[in-house]
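First comes the structure, then the notes that go with it.
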Amino acid sequence: MIKMFTKSLLALAVITLVCIAYTAVVTAVGQTFFTNKSNGSLISEKKTIKGSALIAQPFTSKKYLWGRQMSITLGNLNGVGGENNTMYSAASQLSPSSRKYQALVKSNDQVIKRLNPAAKQAVPVDLLTDSGSGLDPEISLQAARYQVKRIAAARKLSQASVQKVINNYTKNRTFGILGEPRVNVLEVNLALDKISS
């Protein structure tokens, strides 16, 4: 019995050491070779963290580029309103065939058309629907271009200036063949703030 107990303790000690060593090695490699990515791909300006390039943030002002729809709820961490309210986003669990989902998309379409009266084309689908995670930080180039007139009018800039910022933050297809060109919403909005408030 004592022999089995000793073997069990030895196995536990070995497994614990392996787990600690693995974690230490992975952390060291990440911090050494992929520092920005392993720390959350944070975007900072003047030592202030503005957000992550990998996680969407809601923008609703007319002067900003809007991202995908987000199902957001506020979680109050200490029972008091104000700064300690935290936003949580989650993917929609509604089926595209559900009436509730279809009504939501139709409502989104009407709101976006009303707030972008100068845009004559159909609203791009990624502005109407949630992403799979509910946190997609990027939109299609088409969805970004759809918003140029509204942003230019709200900021009193030329459409060419707004389009130039969008072009600067457009990422091409991965390896030239995978996916579609996409635009990081937070990066564009931070760049827009630098040229106009």
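I'd like to check something: does the range 169-183 contain any residue that is of a type in the set (Val, Ile, Thr) and either in contact with a Phe, Trp or Tyr (Cβ under 7 Å, 6 or more places away or on another chain) or under 12 Å from residue 64 (Cβ atoms) (or both)?
Yes, there is a match, as at least one residue in the range 169-183 is of a type in the set (Val, Ile, Thr) and either in contact with a Phe, Trp or Tyr (Cβ under 7 Å, 6 or more places away or on another chain) or under 12 Å from residue 64 (Cβ atoms) (or both).
Filter the range 45-60 down to residues that are exposed (fewer than 10 other Cβ atoms within 10 Å of the Cβ) and not basic (Lys, Arg) and give me whichever is modelled with the lowest pLDDT.
48
Could you please tell me which pairs satisfy a Cβ distance under 6 Å, a separation of 6+ or placement on different chains, a first residue in the range 112-129 that is free of Cβ contacts under 8 Å to residues at least 24 places away in the same chain and loosely packed, with under 13 Cβ neighbours inside 10 Å, and a second residue that is hydroxyl-bearing (Ser, Thr, Tyr) and in a loop (DSSP other than H, G, I, E, B)?
Every condition considered, no pair remains.
Examine the range 23-37 for a residue that is over 17 Å from the mean Cα position of the chain (by Cα), open to solvent by less than 90 Å² (accessible area, probe 1.4 Å), within 25 Å of residue 135 (Cα to Cα) and not hydroxyl-bearing (Ser, Thr, Tyr), and state whether such a residue exists.
Taking every residue of the range 23-37 in turn, at least one turns out to be over 17 Å from the mean Cα position of the chain (by Cα), open to solvent by less than 90 Å² (accessible area, probe 1.4 Å), within 25 Å of residue 135 (Cα to Cα) and not hydroxyl-bearing (Ser, Thr, Tyr).
The values are calculated or read from the model by the stated rules, or taken from the named source; none is laboratory data. Here the structure is a predicted model, which is why all the values come from computation and not from measurement. Reconstructed Cβ throughout: ideal geometry from the backbone, glycine too, with neighbour counts over all protein chains shown. With ligands, DNA and RNA removed, areas are computed over all heavy atoms of the protein, side chains included. Shrake-Rupley method; radii C 1.70, N 1.55, O 1.52, S 1.80 Å.
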